[in-house]
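Laboratory data are not the source of any read-out in this text; all were calculated from the coordinates shown. Since the model is a prediction, treat every value here as computed from it, not as a measurement. When we count neighbours, we look across all protein chains shown, and the Cβ atoms used for this are built from the backbone with ideal geometry, even at glycine.
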Amino acid sequence: MSSERSSLINTRPPGLVDVLDRILDKGLVIAGDIKVSLANVELLTLQIRLLVCSIDKAEQIGLNWWRYDTNLTMRAERAEAENLELRERLTELEREIRKLGAGGSTAGTREKASVTNYRTPKAGAPRKPMGKRRP
């Protein structure tokens, strides 16, 4: 009876983790075509090719384009450098505005009022002004 129980425990249906592990280990290819036609006139054709596998498996079968794609490797470094440069520039401009405002000149007051205060966005988020512009 104990051998029956152990065989029942070992033959459980695979869970999500088991299925994902097998898919990533072996790979999964999904291919299909979708065609939209109206009165026997083809309006749209979508060809779908999808490969789901682990990075190790992709490299085994000769897929490693992400290592050499400049959009994926260099863009992040360039964006970080540009972000740092813009933050430094913003800090410098804020210092100049404070100096002009502290001098009491009317021109400095106008410049300070026309600058919109921006907060630093998260990576990939568009910049949004925090306050309204004053005339």
- request: Take each of the peptides 24-36, 48-60, average the number of other beta-carbon atoms within 10 Å over its residues, and list them starting from the highest.
  value: 48-60, 24-36
- request: Find, among the chymotrypsin sites (Phe, Trp or Tyr not before Pro) in region 8-82, those assigned to loop by DSSP (not H, G, I, E, B) with at most 15 other beta-carbon atoms within 10 angstrom.
  value: Y68
Reachable aspartates and glutamates from K26, criterion Cα separation under 17 angstrom, eight or more residues apart if same chain: D18, D56, E59
